[in-house]
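The values are calculated or read from the model by the stated rules, or taken from the named source; none is laboratory data. Source: prediction; values computed, not measured. Cβ sites come from the backbone with ideal geometry, for glycine too, and all protein chains shown count toward neighbours.
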Amino acid sequence: MTKVTILGAGIIGMAAAAKLPRDYDITIIAEHLPGDYHTKEWASPYAAATWVGVHKSTPREQQMQLEGLAGLRSLAATSPESSVRRIEMKEIMDVGSPEDVWYAGKVPGFRFLEAHELPQGAKYGMVYQTVVLTPQVFLVWMFERLKARGVNFVRTKVQSLGDLENLGHDVLINASGFGAQTLKDVQEKHMISMRMQTVVIKNDTYDRLFIRRGPNGYYSTAFARKDGTVYVGGVLLRDNSDLTVHEDHRAQVCRNAHMNQPEVFPSPDPKEWPILYDHVAKYPIMDGENGKNVRCEREIIGSQKVIHAYGPHAGGYVFSFGLAREIANLMDDFLLKMMPTVKL
């Protein structure tokens, strides 16, 4: 029986486990497991958790993103209890050009907006069918499903991949996220932390996804989830790990949302909003300096066959099952090389 160890119980680690054959002996090892919300040292429970294409992507990354969307859309149809649901996205762009949108015509319901549909100052925009989910619900749902099919979960803190060498696995999948920076035998140098501050409000009637991007890091979002809450963002800061709530950032979020959708957010003043809580989190992404928006590759470390899978731009939910499929492909390559040659 093929034995696999996965380091990391976030969306990438669990999606990888879900994609591997059911007859594999799979163990997921992690410091944090679904249901843990006392720390923000792992990113999966705190993501916006919707699908949006990363404009500057390699063809390989684009394929991962499209397969990620397909996998999540399938879950929306077959497993609504997972919290995944299909919904229309509206993207407004104040920078770039339509040529940047590689997913034009490749995702359901895609069309560019007409000039009269664009707000003042926008260069272009588009709508398309995508998905949104509630991470805290989804992760626990995945966790329970994987346990039911025989995947083992072990909670422990790992200092290096070498710590796992004696487990007897055929392949080790490193889906450690931020951990890739501190693992002694990885020490990822191309990963940075993106800080995002948003607010989560109560709203039972809003049923849209909205994004507007502009120069100098301008970023405004409003994502309706299935539970009557809306995730409204955001102030996004590159290479920043500060988890403090800043009142000026909260005010900026509310002003931007009011400007973009005044019919939904009639006041720019946070004091007049039904805010449930401020939401500050950090997300590990590859910095793109080496031409990669995600690391997904094989490596031999000591005696272990390792597949690295971490750091996707726009988050693990965008790549999710597409990255998992790529992991499975790399796994097949590793296992094929392990097979003995037969002389005829």
Inset, instruction - Please work out which one of (1) free of Cβ contacts under 8 Å to residues at least 60 places away in the same chain; (2) surrounded by fewer than 19 Cβ atoms within 10 Å (Cβ to Cβ); (3) not aromatic (Phe, Trp, Tyr) is the condition residue 101 fails and give its number. - result: (2)
Inset, instruction - Take residue 148 and decide whether it is aliphatic (A, V, I, L, M) and either without any contact (Cβ under 8 Å) to a residue 40 or more places away in the chain or not assigned by TED's automatic domain parsing to the domain that holds residue 300 (or both). - result: yes
Legend entry - Check on residue 35, out of contact with any Gly (no Cβ under 9 Å at 6 or more places or on another chain), touching a residue at least 40 places away in the same chain (Cβ under 8 Å), outside any strand (DSSP E or B) and under 30 Å from residue 94 (Cα atoms): no
Legend entry - Residue count, the range 144-179 (criterion: among the polar types (S, T, N, Q), over 22 Å from the mean Cα position of the chain (by Cα) and in a loop (DSSP other than H, G, I, E, B)): 3
Inset, instruction - Being modelled with pLDDT under 95 and among the small types (Gly, Ala, Ser) is the filter here, so list the residues in the range 106-133 that pass it. - result: 121
Legend entry - Out of 109, 68, sole residue that is in a helix (DSSP H, G or I), touching a residue at least 12 places away in the same chain (Cβ under 8 Å) and touching a Phe, Trp or Tyr at 6+ places or on another chain (Cβ under 7 Å): 68
Legend entry - Failed item in (1) at pLDDT 95 or above; (2) of a type in the set (Ser, Thr, Tyr); (3) buried (at least 22 other Cβ atoms within 10 Å of the Cβ), with residue 24 passing the rest: (3)
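Looking at the range 200-228, which of its residues are of a type in the set (Phe, Trp, Tyr) and either touching a helix residue (DSSP H, G or I) at 6+ places or on another chain (Cβ under 7 Å) or in a strand (DSSP E or B) (or both)?
Within the range 200-228, 210, 219, 223 meet the criteria.
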Legend entry - Elements of type strands (runs of 3 or more DSSP E) in the range 245-344, at least 1 residues being among the polar types (S, T, N, Q) and either without any contact (Cβ under 8 Å) to a residue 40 or more places away in the chain or surrounded by fewer than 20 Cβ atoms within 10 Å (Cβ to Cβ) (or both): 304-310
Legend entry - Whichever residue in the range 182-197 is of a type outside the set (A, V, I, L, M, F, W, C) and in contact with a helix residue (DSSP H, G or I) (Cβ under 6 Å, 6 or more places away or on another chain) and, among such residues, is surrounded by the fewest Cβ atoms within 10 Å (Cβ to Cβ): 185
Inset, instruction - Hey, can you tell me all the residues within the range 112-133 that are touching a residue at least 24 places away in the same chain (Cβ under 8 Å), out of contact with any helix residue (DSSP H, G or I) (no Cβ under 9 Å at 6 or more places or on another chain) and not hydrophobic (A, V, I, L, M, F, W, C)? - result: 121, 128
Legend entry - Complete set of residues in the range 222-281 that are out of contact with any Lys or Arg (no Cβ under 9 Å at 6 or more places or on another chain) and among the polar types (S, T, N, Q): 244, 252, 267
Inset, instruction - Please indicate, with yes or no, whether at least one residue in the range 72-86 is of a type outside the set (D, E, K, R), in contact with a strand residue (DSSP E or B) (Cβ under 7 Å, 6 or more places away or on another chain) and part of a helix (DSSP H, G or I). - result: yes
Inset, instruction - For the range 7-29, indicate whether the set of residues that are in the same structural domain as residue 308 (by TED's automatic domain parsing), outside any helix (DSSP H, G or I) and within 13 Å of residue 319 (Cα to Cα) is non-empty. - result: yes
